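Below is one structure, written out as structure tokens, with a few remarks after it.
No lab work stands behind these numbers, since they all come straight from the coordinates. Here the structure is a predicted model, which is why all the values come from computation and not from measurement. In this analysis, Cβ positions are derived from the backbone assuming ideal geometry, glycine residues included, and neighbour counts consider all displayed protein chains.
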Amino acid sequence: MSLIHRYQNNGYNIVLDINSGCIHVVDKVTYEVLPYMEEGLDQDAIVGKLGDQFSEEDIRTSVAECEKLKADGMLFTRDVYENAIDAFTKNRQTVVKALCLHIAHDCNLACRYCFAEEGEYHGRRALMSFEVGKKALDFLIANSGSRHNLEVDFFGGEPLMNWQVVKDLVAYGREQEKIHNKKFRFTLTTNGVLLNDEVMEFCNKEMGNVVLSIDGRKEVHDFMRPFRKGAGSYDLILPKFQKFAESRNQDKYYVRGTFTHHNLDFSQDVLHLADLGFKQISVEPVVADPSEEYALREEDLPKIMEEYDLLAKEMIKREKEGKGFNFFHFMIDLTGGPCVYKRLSGCGSGTEYLAVTPWGDFYPCHQFVGEEEYLMGNVDEGIVRPDIQKEFGCCNVYTKPACKECFARFYCSGGCAANGYHAHKDIRSNYEIGCELQRKRVECAIMIKAALAED
């Protein structure tokens, strides 16, 4: 198993010490020295290997510097947690800290890629009642242990089609905070069709985050996110989203888009959104059945990789010009090293995080809704399938075979269980295209940090 990952991007020679998270930007000599050091070759042997490319003095200096970094725990570090995983998963006492409330299994758009459209929400269009939502919040409080901060996402479908219940549940949550010494952080995801001043005012007061669905350029957005009769939604929602983002001081929101096979030049969609004034942007790859005409294919990967590189370079340029913006998939924390808890626990779906259907059923996350083998319980009975919780609790970078050799494993925490399940019917498997893109995004994110650290 490799202990380092080295790559070249935008003129930088970058080395990631996988287990510590240390990043090194190195010269050409060191870049070539490191693989031989990892093989265990001594200084004389490395001189023999590289003596025709570099001076002996430079090679010996480089090896000595790398040995110092190794001694300081910044290079070729070992994974001290791998042997602890069995005890961790066996003894882990999880609490529920977040719910995704499917407040509306209904929508006023007909997005081509929407998971919820499959079989008309798996046969059931519905709006969540206040009573079901209330029971869900009660469940969260009762199963959160001593945890103070709790998260609730209002999701759909389109939550604004059930707006009164959203408001009523927020009010109920605020009442319960005082009683149980809890603090709710609410989030709303919306397509913007029903967005108005009253909704914005309420959200600015009560929502810790809002997610605004827009795919980028008008032609891209309208093709994938039309109304049911075929008309586009871009012109209606854009000015509302711009107003909303400004009303939140360009913070605590993000515009979220999806790119597909039809817009592999998605960097243009990201930059389009930035040019419209948005500072918090996420445009993510679609995950779809390979038979869908809009699904990403293996042959699309070179173009997508190129687009990530183009976007990274443009983001550096704009940041230096004082016109920077955040791109969700390039946001990476390099200060504390890979999160120990996350490398052991994964994303938290099925254990710390649950999805709740309009009729009160629990699933591991929104992407499992309708997969009856993963029905975990309901708001009346609680969790009736603790075996599912246990299965998800054992899903992490150490139990997924494909993760063991991946340099990015500690940044993605093993990736998405739902994507693995839908690709291979196994939550411990991986969605290969998604993994390739994740690795590229990590490389770009690190390169951006390196480039901006120069100034």
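Sequentially through segment 282-299, phi angles give Karplus couplings (6.51, -1.76, 1.60; θ = phi - 60°) of 9, 10, 10, x, 5, 10, 8, 4, x, 6, 6, 5, 8, 5, 6, 10, 4, 5 Hz, Gly and Pro residues having no value and appearing as x. Close amide-amide hydrogen proximity is noted between Ala288 and Leu296, each under 5 Å apart and 5 or more residues distant or on a separate chain (H modeled in the peptide plane; Pro and chain starts excluded). Only lysines eight or more places from Lys28 in sequence, or on another chain, were considered; those with a Cα closer than 24 Å are Lys49, Lys68, Lys70, Lys313, Lys440, Lys449. One quarter of the surface of the convex hull around the alpha-carbon atoms of segment 285-404 equals 11.5 nm², the direction-averaged projected area. Modelled spin-label separation between Asp289 and Asp44, with each label point placed 7 Å from Cα along the Cα-to-Cβ direction: 6.5 nm. Checking every one of the GluC sites (Glu not before Pro) in segment 242-298 against DSSP loop status and a limit of 14 other Cβ atoms within 10 Å picks out Glu292, Glu293.
Can you give the % of DSSP beta bridges in the chain that are antiparallel, to the nearest 5?
Of the beta bridges lying entirely in the chain, close to 35 percent run antiparallel.
Computed about its Cα centre, the charge dipole of segment 338-435 is approximately 600 debye, with only Lys, Arg, Asp and Glu carrying charge at their Cβ.
Max-minus-min Cα coordinates of segment 224-361 on each principal axis give 47, 40, 39 Å, with the largest extent listed first. For the chain, the longest principal axis of the Cα atoms and the long axis of helix 28-39 meet at an angle of about 90 degrees. Between Lys404 and Arg228, the modelled labels are 5.1 nm apart [label points 7 Å from Cα along Cα→Cβ].
For segment 4-78, the fraction of C-alpha pairs more than 15 angstrom apart is 51%. Taken one residue at a time, the phi angles of segment 383-399 give Karplus couplings (6.51, -1.76, 1.60, θ = phi - 60°) of 7, 9, 10, x, 5, 5, 4, 5, 4, 6, x, 9, 9, 7, 5, 8, 9 Hz. Gly and Pro are set to x. Ranking Tyr308, Thr77, Asn162 by Cα position along the charge dipole of the chain, where only Lys, Arg, Asp and Glu carry charges on their C-beta atoms, puts Asn162 farthest toward the positive end. Cα-based radius of gyration for the chain, normalised by 2.2 N^0.38 Å, reads 1.06.
If only the Cβ of Lys and Arg carry +1 and only the Cβ of Asp and Glu carry -1, the dipole of the chain around its Cα centre is close to 1440 debye.
Compared with the dominant Cα axis of the chain, that is its longest principal axis, helix 163-180 is turned about 70°. Phi-derived couplings, Karplus 6.51 cos²θ - 1.76 cosθ + 1.60 at θ = phi - 60°, listed residue by residue for segment 3-9: 9, 10, 10, 10, 7, 10, 8 Hz, with x used for Gly and Pro.
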